[in-house]
Amino acid sequence: MKIIVTGGAGFIGSSLSKYLAMKGHEVLALDSLTSYYSQSLKEQRIKSILQPANVSFQKIALEDEKSFEGVISNFSPETVIHLAAQPGVRIPVANSGIYVRDNLDAFSSVLISVIKNEVPNFLFASSSSVYGNNSKIPYSEEELGLSPVSFYGATKLCNEILCRSLIAGSKTRARAMRFFTVYGPWGRPDMAYFRLAGHKLGKTKFILNGDGSTLRDFTYIDDVTRMIDGMMNDLGHRPSGFFDITNIGGGQPRSMNELIDVIIGKKDSSKSLSNTATNPLDVNATIASTSYQEKLIATIPEIPLEEGISNFLNWAETPEVLVNLKMWIDSVNP
């Protein structure tokens, strides 16, 4: 199968592109290489993950609909997996236009092009952030009246609404995937586990927002790539115009304090950690209902936090990563 993965130099996108290529698919990875965090990390993913797997890469601004349509025309994909977006919830209001460009304009460009060109399958990244703080726990795809607490979460909910409205009656079938706190090697340096590793390894200082009681449904990258593949294969059997939403999460939340203990160790977890107030843009908990995932692909995430963090730390301690760790963490640009 010919597959386009947008956000292909990103964390999930690079890992997914490699996974699909290793299964025999022809994969084209697209990315604009934005400066939200270090472009060198994205370039390293291209070098270390995409190139060895023979994944083609092209730099492109997805909000440019004509450029993306040109890629569609030249490559003729059977599936587009749209993972490109501006991540994170903490970008200041003054810079919110980045969310509009990357999460609304670019998404609309991709969605419209996919439908116009009758690409059979379209999957895209939504987020657990759409649930906000008022949803019933565990978070179910059937929840109504969603109220995100961040602009980021609101843009992801908009993506779902836009797709549902346009896909009906088209020759494309679509699926939104609500990711829950994906972590692992080659991850994003704005995330807590990455910054905690920098603290543990003596490269940076970690500042904890709040008292550490917030819960996150940590989902390891290998589980995520495996589940996206399953969701893609299932989608291929649905009729044209089909649309649904599924969680991609483990249903086994852990607190931030537990994450600190796992990474730094219980004896040392309180040493030299700084605290600041809880960020109002952070939700109190993300806990996925897994029933629909199991119905669709008969599996849920399997790798426990301790194993996943051990894998991540082994990666972070390799010389080629360790030398860049501080620069990558400090590069995050809100």
note = Amide H neighbours of A288 at under 5 Å, excluding residues fewer than 5 places away on the same chain, with H built from the backbone geometry, are Y139, G250, G251, Q252
message = Check which residues have an amide H placed less than 5 Å from L208's amide H, if you skip close sequence neighbours.
response = S274, N275, T276
query = Taking the chain as a Gaussian network, Cα atoms linked when under 10 Å apart, which of S108, S165, S14 shows the biggest mean-square fluctuation?
reply = S165
ask   = Using the Cα gyration tensor of the stretch 138-275, with a ≥ b ≥ c the square roots of its eigenvalues, what is the shape: rounded (a/c below 1.5), prolate (a/b larger than b/c) or oblate (neither)?
value = prolate
Stretchable slack from R164 to N279, in nm (0.36 nm times residue separation minus alpha-carbon distance) = 38.2 nm
key: Gained length - N209 relative to Y292, 0.36 nm times residue gap less alpha-carbon distance   = 26.7 nm
query = Near G70, within a Cβ-to-Cβ distance under 15 Å, what is the net charge of the other residues, with Lys and Arg +1 and Asp and Glu -1?
reply = -1
ask   = Angle between the Cα long axis of helix 221-235 and the longest principal axis of the chain, 0 to 90 degrees, nearest 10?
value = 20
query = Can you run phi through the Karplus equation (6.51, -1.76, 1.60; θ = phi - 60°) for the stretch 58-74 and list ³J(HN,Hα) in whole Hz, with x for Gly and Pro?
reply = 9, 7, 7, 8, 5, 5, 7, 4, 5, 5, 5, 4, x, 5, 4, 5, 6
ask   = In the stretch 133-257, what % of DSSP beta bridges are antiparallel (nearest 5)?
value = 20
remark   = Rounded to the nearest 5, the percent of antiparallel DSSP beta bridges in the stretch 175-334 equals 15
query = Using modelled amide H (1.01 Å from N, peptide plane; none on Pro or chain starts), what sits under 5 Å from the amide H of F57, excluding residues fewer than 5 places away?
reply = A29
inquiry  = Can you order the peptides 126-133, 79-86 by their average number of other Cβ atoms within 10 Å per residue, highest first?
reply    = 79-86, 126-133
key: Dipole magnitude of the chain, debye to nearest 20 (Cβ charges: Lys/Arg +1, Asp/Glu -1, about Cα centre)   = 380
key: Crossing angle, helix 106-116 versus the chain [Cα axis fit, 0-90 degrees, rounded to tens]   = 30
message = Can you give me the C-alpha center-to-center distance between the stretch 145-224 and the stretch 56-80, rounded to a whole angstrom?
response = 24
inquiry  = For a Förster distance of 45 Å, can you work out the FRET efficiency between the beta-carbons of N74 and E302, rounded to the nearest 0.05?
reply    = 0.75
inquiry  = Using a Gaussian network model on the chain with a 10 Å cutoff between Cα atoms, which of K156, K200, K47 fluctuates the most?
reply    = K47
request  = Working from Cα positions, state the angle (0 to 90°, nearest 10) between the long axis of helix 151-167 and the longest principal axis of the chain.
outcome  = 20
ask   = Which whole-Hz couplings ³J(HN,Hα) result when phi for each residue of the stretch 196-208 is put into the Karplus expression 6.51 cos²θ - 1.76 cosθ + 1.60, θ = phi - 60°, listed in order with x for Gly and Pro?
value = 5, 5, x, 5, 4, 8, x, 9, 9, 9, 9, 10, 8
Computed helical MRE - 222 nm, the chain, DSSP H runs ≥ 4 contributing -39500 (n - 2.57), nearest 500 = -10500 deg cm²/dmol
note = For the stretch 57-94, listing trypsin sites (Lys or Arg not before Pro) in a DSSP loop whose Cβ sees at most 15 other Cβ atoms within 10 Å gives R90
key: Beta bridge orientation in the chain: antiparallel %, DSSP, nearest 5   = 5
query = Among the lysines in the stretch 1-111, how many pairs, 8 or more places apart or on different chains, have alpha carbons under 21 Å apart?
reply = 10
Inter-label distance, nm, simple model (7 Å from Cα along the C-beta direction), K66/D234 = 4.0
Computed magnitude of the charge dipole of the stretch 201-334 (debye, nearest 20; Cβ of K, R +1, Cβ of D, E -1) = 360
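The numbers here are math on the coordinates, done by the rules we state, and not lab data. Keep in mind that this is a model prediction, so the values were computed, not measured. FYI the Cβ positions are ideal-geometry reconstructions off the backbone, even for glycines, and counts take in every protein chain you see.
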